[in-house]
Amino acid sequence: MGTFVYSSSCLSWKNLSRQMNSSHHVVPRGVPEKGCSRIKSAVCSKEDARMNRDCEISAGSLNRRSAIISGASLISSVLLFPGEGSAVIKQGLLAGRVPGLSEPDEEGWRTYRRPDDKSGGHGVGWSPMIPYTFSVPDKWEEVPVSIADLGGTEIDLRFANPKEGRVIVIVAPVKRFSDEIGEEATIEQIGPPDKVISAFGPEVIGENVEGKVLRSEVAEHEGRTYYQFELEPPHVMITATAAGNRLYLFNVTGNGLQWKRYYKDLRKIAESFRVV
């Protein structure tokens, strides 16, 4: 953004300088516009030089003033009228793809893979996190995670499309649930599906899940077991698994209208989650 604004401002200042220097050219009174007489050549030369200096000083001052005004106008237009200008600046800030997000496939879906070097506030002494992947339709974007979130440092990732829904990935230490689970945990060691959803569902929806579980399934992909749940209300699909010394909870949610319009896509997102 800084480069873009600076470059365009420099171009404006240069053009403004040329226009002002040409428009402020002063012809001394009594002297022909295209030159001075021989008798008055010396006087004219001195007068022209003095005038030119005055004009340059005036133009420079006006140039600086115009530049300040121009810069202030640009900033205020971006803040008060977020249109094309803010889009350009946003493009500068977010140039390039979201780290870990692939190009769209033939159906317009992208695959996200957690970058190996991505930081995460999961406490001192944690082993490197085993990456995970999932797929989302085009125009879904990563949303910054704050430590002030309800899930605290255990929220590893947020993804969303304002029109379609949201994704939240929670990664929690398995030792929090049992001291008997080793460093190579499996979801079966943590418990059967009903125990897992009863224990962790409230962390996702903020209330007891009793009577809210519409669907509970068990799937296996490349030797790893996944528990898949659908709850209502609120509308949410949860995919749970374990790997290393962590429990992974992949949550897909949306409001009533999003659930009705995009249910098929939201379920596809939920079922695409894998720990790799």
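The values are calculated or read from the model by the stated rules, or taken from the named source; none is laboratory data. Since we're looking at a predicted model, the values are computed, not measured. When we count neighbours, we look across all protein chains shown, and the Cβ atoms used for this are built from the backbone with ideal geometry, even at glycine. All accessible areas refer to the heavy atoms of the entire protein, side chains included, with ligands and DNA or RNA removed. Shrake-Rupley method; radii C 1.70, N 1.55, O 1.52, S 1.80 Å.
General remarks:
- Hits in the range 184-207 - residues which are in a loop (DSSP other than H, G, I, E, B) and of a type in the set (Gly, Ala, Ser): Ala185, Gly191, Gly206
- So Ala67, is it open to solvent by less than 40 Å² (accessible area, probe 1.4 Å), modelled with pLDDT under 80, part of a helix (DSSP H, G or I) and not β-branched (Val, Ile, Thr): yes
- Residue that is modelled with the lowest pLDDT, among those in the range 221-246 that are at positive phi and of a type in the set (Gly, Ala, Ser): Gly244
- Restricting attention to the range 174-204, the residues that are of a type in the set (A, V, I, L, M), farther than 21 Å from Ser272 by Cβ and open to solvent by less than 30 Å² (accessible area, probe 1.4 Å) total 4.
- Residue match in the range 247-255 (condition: on the phi < 0 side of the Ramachandran plot and open to solvent by 40 Å² or more (accessible area, probe 1.4 Å)): yes
- Test: Glu217 is surrounded by fewer than 19 Cβ atoms within 10 Å (Cβ to Cβ) and out of contact with any Leu (no Cβ under 9 Å at 6 or more places or on another chain): yes
- Any hit, the range 157-170, residues being open to solvent by less than 50 Å² (accessible area, probe 1.4 Å) and farther than 22 Å from Arg113 by Cα: no
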